[in-house]
Amino acid sequence: MAARNGRGVPDTDEMIVVHRLFMQEYRAAVPLVRGVRPGDRARSGIVADHLDALDAMLTEHHLAEDELVWPRLAVDPAVEPALTARMEEQHERIADALGRLRSALPQWRASADPALRDTVADACAELLPALEAHLGDEEEHILPLVPGRFTVAEWAVLSERGRAVVPKAQRLYMLGALGEAAADDRRDEFLGRLPGPVRLIYRIAGRTLRWRTRARLHGTRASGGVGVPVA
Ligand SMILES: [Fe+2]
């Protein structure tokens, strides 16, 4: 993606919205998982698909940073070595928490067993503090270092890699979730990054899209809001 901010500098603001999406969705996952009734394998399958998609997205987000960002900053004499070391440690903590989640998920998906459900929900809850601390740290200390060290095209690779791993079946959900994460303060920039036709569709039907895809994930009935513009 080219610079959308029109300033010819890397679009680091996009990452802030992606970070918000991760926090929003993992926070929501805790009650979502706990709400699946014992033996309801249809629901455990839908929720497990969602968690698998988030796992793929978060893992790729961090892998891209491990490969493209930390090595560049680590050899920059103006960057404190302790900073990149801390980022790497935080990624490892998050990967450990994701590993615990991943190890319980297939069995819960297949059985909808309540003990496994609680293990999955607890693993999501345990992920949150590590994720929140890391994302905040990265936004405060890493993103300001990007302009001048990365070109627009180099930085855009991170977004492209992130988008490429969203499973096809989850793309509409994640588009709506990203729009929600953008919230009022970042909605215009979120819309500005969408290709023109997608932006038009999102303006007309984005709210309906969000209700419908959320309703499917949560097993509730979508209602109201048809055709209500988002922005
Ligand atoms: Fe990030």
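Inspect the range 56-71 for any residue being within 19 Å of GLU132 (Cβ to Cβ), away from the ligand (no atom under 15 Å from the Cβ) and not basic (Lys, Arg) and give the result as yes or no. For the range 56-71, residues within 19 Å of GLU132 (Cβ to Cβ), away from the ligand (no atom under 15 Å from the Cβ) and not basic (Lys, Arg): absent. PHE190 satisfies every condition listed in (1) touching a residue at least 12 places away in the same chain (Cβ under 8 Å); (2) within 18 Å of ALA53 (Cα to Cα) except (2).
Here the condition is being in contact with a helix residue (DSSP H, G or I) (Cβ under 8 Å, 6 or more places away or on another chain), assigned to a loop (DSSP other than H, G, I, E, B), more than 13 Å from the ligand (Cβ to nearest atom) and closer than 24 Å to ALA125 by Cα; of VAL9, VAL36, VAL47, it holds for VAL36 alone. Just to be sure, is ALA205 touching a Pro at 6+ places or on another chain (Cβ under 9 Å), farther than 24 Å from GLU60 by Cβ and not charged (D, E, K, R)? Yes: the conditions hold for ALA205. The lone criterion from (1) more than 16 Å from the ligand (Cβ to nearest atom); (2) among the β-branched types (Val, Ile, Thr); (3) assigned to a helix (DSSP H, G or I) left unmet by ILE94 is number (1). Among the criteria (1) in contact with a His (Cβ under 7 Å, 6 or more places away or on another chain); (2) within 20 Å of GLU92 (Cα to Cα), the one LEU32 does not fulfil is (2).
Looking only at residues in the range 137-167 that are assigned to a loop (DSSP other than H, G, I, E, B), of a type in the set (Val, Ile, Thr) and surrounded by fewer than 18 Cβ atoms within 10 Å (Cβ to Cβ), the one that is farthest from the chain's Cα centre (by Cα) is THR151.
Please work out if VAL79 is touching a residue at least 12 places away in the same chain (Cβ under 8 Å), of a type in the set (Val, Ile, Thr) and more than 28 Å from LEU178 (Cα to Cα). Here the answer is yes, as VAL79 does meet what is asked. Of the residues making up the range 100-119, not a single one is within 14 Å of the ligand (Cβ to nearest atom) and in contact with a helix residue (DSSP H, G or I) (Cβ under 7 Å, 6 or more places away or on another chain).
Where a number appears in this text, it was derived from the coordinates with a stated rule and is not lab data. These numbers come from a predicted model, not from an experiment. Positions of Cβ are backbone-derived with ideal geometry, glycine not excepted, and every protein chain shown enters the neighbour counts.
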